[in-house]
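Step one of this worksheet: look at the structure below.
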Amino acid sequence: MTADPKADNGLPIQLLHDRVLVRMDGSEGERRSSAGIVIPATASMGRRLSWATAVGVGPHVRSIVTGDRVLFDPDDRSEVELHGREYVLLRERDVHAVAAQRVETDSTGLYL
């Protein structure tokens, strides 16, 4: 599948091979715990994976469609700016999990 040109403010882009273009969910600065405690961006933590929304996928991507939420390691990413917005470009194999309504609860996933 290719990126829908009207998706995400009409990005005029066609992804190649197994690439996935994602938009980060929220900001990477401070965040809140489930109890409402504010955790500053400077807080020391172990490796933490990030969630993002897929806004475009290349023709060889098998498990992700536009609109899926994906889990990936933010240290293994390439950032790109399109029309003044920041996006992250990933390979499908760099995605650890997909969250979508169409995902079966008993499936094991592609890269486990």
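Quick notes on this one:
- Condition check for L71 on (1) open to solvent by 60 Å² or more (accessible area, probe 1.4 Å); (2) of a type outside the set (D, E, K, R); (3) farther than 12 Å from L21 by Cα: one failure, at (1).
- Restricting the stretch 1-22 to residues that are modelled with pLDDT of 75 or more and closer than 10 Å to L82 by Cβ, the residue that is surrounded by the fewest Cβ atoms within 10 Å (Cβ to Cβ): I13
- If the condition is being open to solvent by 30 Å² or more (accessible area, probe 1.4 Å) and charged (D, E, K, R), then the stretch 57-68 contributes only R62.
- Selection of first residues in the stretch 62-91 that are in contact (Cβ under 8 Å) with a residue 60 or more places away in the chain and closer than 13 Å to A52 by Cα and of second residues that are among the aromatic types (F, W, Y) and surrounded by 11 or more Cβ atoms within 10 Å (Cβ to Cβ), restricted to Cβ pairs under 8 Å at least 6 apart or on distinct chains, gives the following pairs, ordered by first then second residue: V88/F72; L90/F72.
- Residue that is modelled with the lowest pLDDT [pool: residues in the stretch 64-112 that are of a type in the set (V, I, T) and in a loop (DSSP other than H, G, I, E, B)]: T108
The values are calculated or read from the model by the stated rules, or taken from the named source; none is laboratory data. Since this is a predicted model, take the numbers as computed values, not measurements. Methodologically, a virtual Cβ is constructed for each residue, glycine included, from the backbone with ideal geometry; neighbour enumeration extends over all protein chains shown. Accessible surface is based on the protein model in full, side chains and every heavy atom, while ligands, DNA and RNA are left aside. Shrake-Rupley method; radii C 1.70, N 1.55, O 1.52, S 1.80 Å.
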